[in-house]
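Right, I'll just put the structure down here and ask away after.
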Amino acid sequence: MDRHDKEIPPGEILPVVVIGNGPSGICLSYLLSGYTPYLSPEASHPNPLLHSKLGEQPHLSLLEQDLEYLCEGLEGRSSNPMAVLFDSLLLPDSDFGLDHTSPLEWRYEPERAVPHLVLGKGPPGGAWHAMEGSMLTLSLANWMELPGLKLKDWMREKRRNVRNDRATPAEIASYYQHYVSQMSLEQNFACGTAVTSVTRQPGGLEGSPPCWRVTGLQRREREELGDGCAVSEEVPFSFYAHNVVLATGTHDIPARLGVEGESLPYVCHSFWELEAAISRGELDQSSDPVLVVGAGLTAADAVLAAHHLNTPVYHAFRRSVSDPGLIFNQLPKLLYPEYHKVHQMMTQQQYQPDPPPQEHAHSSPSSLPSPSPSTSSCPSSYPGYLSFPRYRVAAFRPDRKCVLESDLGQRTVVQISKALVLIGAHPNLSFLADNGRSLGVNPEEPITCRRNPVEVHPFTNRVVAADGPGLYAMGPLVGENFVRFLKGGALAIASDLAKTQRERGGQGGVLTADRWAAARTGAEVRVPGS
């Protein structure tokens, strides 16, 4: 599907605007487009209590039911009750490796559609288009799918031999693009857009309601030049929205260590910079070691990529290898053999410094011991790799030396060719006051997915500390990193908007599709207050 360049409509107040066109925004668009989940008359859920609750009002769609009541007693791998509920309905008992049929059936009811616009910098799929195309995803393929289109079936059409139940990021990105086309959602997507400001606006003198003002730039292609090249220009846009959904993800701004020398040219903060160095032939088995900082999956991918080239690797991370919070200690070994291999390397090839003489306890960095990748606590099972558990970077030096410090205060210096700081990322919320910091669980800290997500109501996903009603957040911004769980946020928001519409008898707050189409024929659109 070619990128859909829907132009931002001028002079209109939109019912719903979604900022971010990754899987979060796509799933919400599906629910707001009139695709409605019901309990199938022939289906049953393996959880008898949940099945009994669903059967109490089988004529009602899921969007009309008491979702808090349905969530009671459910347990799952997410702390978000709506995420656990929707995941349980879409993929019953999938945590146990079972492949139960979903008890939901999806009906297209266009009269329920809520007009909306999904804004994104690139094509539908968001950050998936920026990910390396050959690595396997962490999640099982069916965990990555969106309602109404089986990912496995789509993958079988694309390649004859499906090696396993995991897909590559390139396949997932292509699936999300195809999904938007297959479900006829294109008219809701405005790609090539960058939002620069979202502010709360007071009501007008004529009784118009308070709403949100969204401004930004949209990239548009113009007529071709004489040489056949198209002209691309950025056009400012500004409009009002009754409801705004934050679905930007958290991969925009790499996290930094904040140490001396971190801005030196050999210090990188992206896996793709390692890929570029490899493609340029800068790294091989004769290179000085690559230092990988971090203990997440991206750091593990970097270790694997460098190790595959026989490039020596130093690997520094703050946690112990046995820390239960370490992601490798949470993954089934059979399902993720490559990450289990990295965890083995981290465990078996640990740096063990000799106790420093007392008189050298305060040595200068130039006199500190310098290990080699063959230094370890046991015979080398993985030559060329050395881990530094419970170490942090103290400083990077211009001569490509890095000072590492243990949590006991012991320091060592390593000579490296390149450093990869892969310790997570922050969302780009620059369009909000103070980068949205006031919306976090801890308003004194920057928004991060794991440590300080946006605080939302658990059953509606309304932002708790918003300047006014009608601001929602979903996906990684609220702590949901996995696609299988971020779909619960879409259900919560769609349900809350539908509830508002019912309470106003369909005549306020949120426009129906028919009323929106009729309103757009006039010179100006006004949305009643909420």
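Every number here is computed from the coordinates shown, using simple stated rules; none is lab data. Only a predicted model underlies this, so the values are computations on that prediction, with no experimental measurement involved. We place every Cβ from the backbone using ideal geometry, glycine too, and count neighbours over all the protein chains shown.
Dividing the convex hull volume of the Cα atoms of segment 416-484 by its residue count, what figure in Å³ per residue is obtained? The partial results should precede the final answer.
Values: hull volume 8.4 nm³, N = 69.
Dividing the Cα hull volume of segment 416-484 by its residue count gives 122 Å³.
Would you list, by chain and number, the lysines whose Cα falls below 28 Å from the Cα of K418, excluding same-chain residues fewer than 8 positions away?
Correct list for K418: K341, K401.
Quote the Stokes-Einstein diffusion coefficient, in whole µm² s⁻¹, for segment 278-356, based on the Kirkwood radius over alpha carbon pairs, a temperature of 4 °C and a viscosity of 1.567 mPa s.
96 µm²/s
Sort 17-26, 436-445 for me by packing, meaning the mean count of neighbouring Cβ atoms within 10 Å per residue, highest on top. Intermediate values should be presented prior to the final figure.
Numbers: 17-26: 28.0, 436-445: 16.6.
The most tightly packed comes first, giving 17-26, 436-445.
How big is the Rg/Rh ratio for segment 293-335, C-alpha atoms only, Rh by Kirkwood, two decimals?
Using Cα coordinates only, the ratio equals 0.99.
K487: which lysines have alpha carbons under 19 Å from its alpha carbon, excluding same-chain residues fewer than 8 sequence positions away?
Cross-link targets: K150, K152, K499.
Of the listed peptides 456-465, 30-39, what is their order by residue-averaged count of other C-beta atoms within 10 Å, with the highest listed first?
The most tightly packed comes first, giving 30-39, 456-465.
Right, another one. If we sort 53-59, 340-346, 301-307 on the protection proxy, mean other Cβ atoms within 10 Å, highest first, what's the order?
Details: 53-59: 13.7, 340-346: 20.0, 301-307: 22.9.
Output ranking for 53-59, 340-346, 301-307: 301-307, 340-346, 53-59.
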